[in-house]
1. Specify, per residue and in Å³, the volume enclosed by the convex hull of the alpha carbon atoms belonging to the chain.
2. Which one of SER266, GLY342, GLN282 has its Cα pushed farthest toward the positive end of the charge dipole of the chain, where Lys and Arg give +1 and Asp and Glu give -1 at the Cβ?
3. Only four residue types carry charge here, +1 at the Cβ of Lys and Arg and -1 at the Cβ of Asp and Glu. Report the dipole size of region 255-439 about the Cα centre in Debye, rounded to the nearest 20.
4. Between ASP4 and LYS209, what's the calculated FRET efficiency when r is the beta-carbon distance and R0 is 25 Å? Round to 0.05.
5. Counting helices only, and only those DSSP H runs with n ≥ 4, report the 222 nm mean residue ellipticity of the chain as the sum of -39,500 (n - 2.57) divided by its residues, in deg cm²/dmol to the nearest 500.
6. Report, for region 312-451, the % of DSSP beta bridges that are antiparallel, rounded to 5.
7. Using just the Cα positions, wrap region 255-439 in a convex hull and report its mean projected area in square nanometres, one decimal place.
8. Can you order the peptides 374-386, 352-364, 53-65 by their average number of other Cβ atoms within 10 Å per residue, highest first?
Amino acid sequence: MKTDTTLRNYIGGEWVSSSALQHLDVVNPATAEPMCRVPLSTAKEVDNAARAAAAAFVQWRRTPPTERIQYLFKLKNLLEENLDDLARTITMECGKTLAESKGEMRRAIENVEVACGIPTLLQGDISEDIASGIDEMMIRQPVGVCAVIAPFNFPAMISFWFMPYSIACGNTYVVKPSEKVPMTMQKVFDLLHQIGLPKGAVNLVNGAKETVDAILDHPEIRAISFVGSTPVARYIYSRATANGKRAQCHGGAKNPIVVLPDADLSTTTNITTDSAFGCAGQRCLAASVAITVGEARRIFTEAIAEAAAKRVVGYGLDTGVEMGPVISAQSKTRIESLIQQGADEGAKVLVDGRNARIPHYERGFFVKPTILQDVKPRSEIARTEIFGPVLSLIHADTIDDAIAIVNSSAHGNMACLFTTSGAAARKFRYEAQVGNIGINLGVAAPMAFFPFSGWKESFFGDLHGQGKHSVEFFTQTKVVVERWPKDWSRKF
Ligand code: NAD
């Protein structure tokens with residue numbers, strides 16, 4: 001792709017050039033080089049997409065679910081065939097390693113596979129003879145036009161938490177990717193074009209705040225799925241619901257892992273390193289706080305510091321690289337200033353990833369793995385989402401103290417426990433106030449057939465992305481009560 005290429009929108013079954021006056025460069029975070037330009041589409045373009053989707057909805061909702069999922073089977077095959085190319089694009093625009101990008105694509109495909117089960121998942125309920133000769137049933141019907149507003153850190157996967165389910169349920173769709181990583185969705189929509197969906201069934205509108213606001217205010221758009229930072233999640237939830245829409249808004253995170261003295265040290269260290277520094281810490285399920293209990297403190301601190309310092313940092317397309325850059329120069333500056341803030345609050349910078357210089361990629365936005373030791377649970381650094389490769393170490397005397405620290409967080413996305421004790425694991429699972437729990441796991445990412453949960457400031461709404469929650473979110477229930485007089489049967 002040439003650097004002066006401007007990405008297009010996909011509306012009503014066609015690629016269309018945007019009439020936007022404003023554009024942003026899409027920058028490779030490892031090289032700092034612009035790769036293309038993304039338009040910040042206008043409200044008029046959102047209107048075109050919403051109208052195209054509304055027009056397509058009339059026939060699409062009448063298409064039997066068994067027929068609708070045939071498109072998804074084709075999409076799955078095309079995604080498999082193009083997996084390497086899509087993964088390279090993710091690495092180029094988002095910075096994660098090629099292996100991480102392939103893992104992201106696997107998760108995206110998994111959601112298409114689960115959505116292929118919609119004919120079964122859509123089955124309704126019926127009660128016969130609620131009174132003599134009267135039957136009552138509950139059926140599910142699609143909501144209408146739905147939309148996703150996605151974050152930068154998973155350019156493919158996040159839209160797939162929602163889009164396949166939504167269209168399989170009979171809705172039509174609008175995707176608004178992150179303006180920082182819009183290239184992957186261009187490729188995905190090329191594939192969606194190839195599977196021959198009816199015109200308007202899926203639409204792509206690039207842009208930023210103005211585009212999002214137009215989506216939130218558009219009367220034809222009935223349901224919004226959002227994933228991103230907490231302040232924006234809160235904003236989107238309140239504006240969407242004030243406009244009478246359904247909304248499910250996944251927000252930010254500050255995920256703790258708790259290490260008990262009986263945990264297996266090498267497994268715990270390896271898993272925590274991957275969790276904290278995988279995707280350069282830019283995962284909503286990244287461990288960002290490690291709470292050591294009792295004796296675990298000394299041995300875990302030494303082991304994690306050694307593992308962090310050894311992590312190979314570089315361009316995600318290069319062989320042997322274990323961690324890529326963060327998304328932007330602004331993000332690098334922000335992360336480095338938060339590390340300084342941690343130090344100013346009294347933490348020791350045990351491993352310092354600031355001022356990283358990667359040979360051949362001197363202009364890239366790299367922050368190396370960083371460990372802050374003796375972080376105070378109430379300090380700002382222990383509470384703020386850093387969204388970078390920084391792990392804060394906190395100490396607790398008992399598991400109860402550790403759980404109290406976990407539960408004092410404003411966020412509630414994930415918490416993990418490392419232990420060999422079943423009783424401790426059960427206590428943690430029961431008491432931790434978060435939506436996703438990992439036991440001896442560092443990234444407790446639910447499979448596509450489970451909802452991707454999230455509590456407190458990590459989620460606004462009721463029904464989460466993925467699995468059966470998607471069927472609930474993307475359908476509305478209708479209850480029908482029927483009486484057929486008994487003597488009518490004499491006519492036959
Ligand atoms: P972000 O909130 O900045 O942006 C997300 C989307 O919202 C983008 O499409 C962007 O264009 C739009 N947006 C941004 N500001 C807006 C505004 N003021 N008004 C309207 N729309 C706006 O998030 P990000 O930086 O792209 O992604 C990182 C964040 O996403 C982190 O906080 C991370 O924890 C979170 N995240 C959460 C989950 C989860 O499952 N809970 C998953 C992935 C990422």
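1. So the per-residue hull volume is 160 Å³.
2. GLN282
3. Using Cβ point charges on Lys, Arg, Asp and Glu, region 255-439 gives about 360 debye.
4. 0.55
5. Only helices count here, giving -11500 deg cm²/dmol.
6. In region 312-451, approximately 25 percent of DSSP beta bridges are antiparallel ones.
7. The number I arrive at for region 255-439 is 9.7 nm².
8. 374-386, 53-65, 352-364
Coordinate-derived values only; no laboratory data. Quick caveat: nothing in here was measured; it's all calculated off a predicted structure. Backbone-built Cβ (ideal geometry, glycine too); neighbour counts: all protein chains shown.
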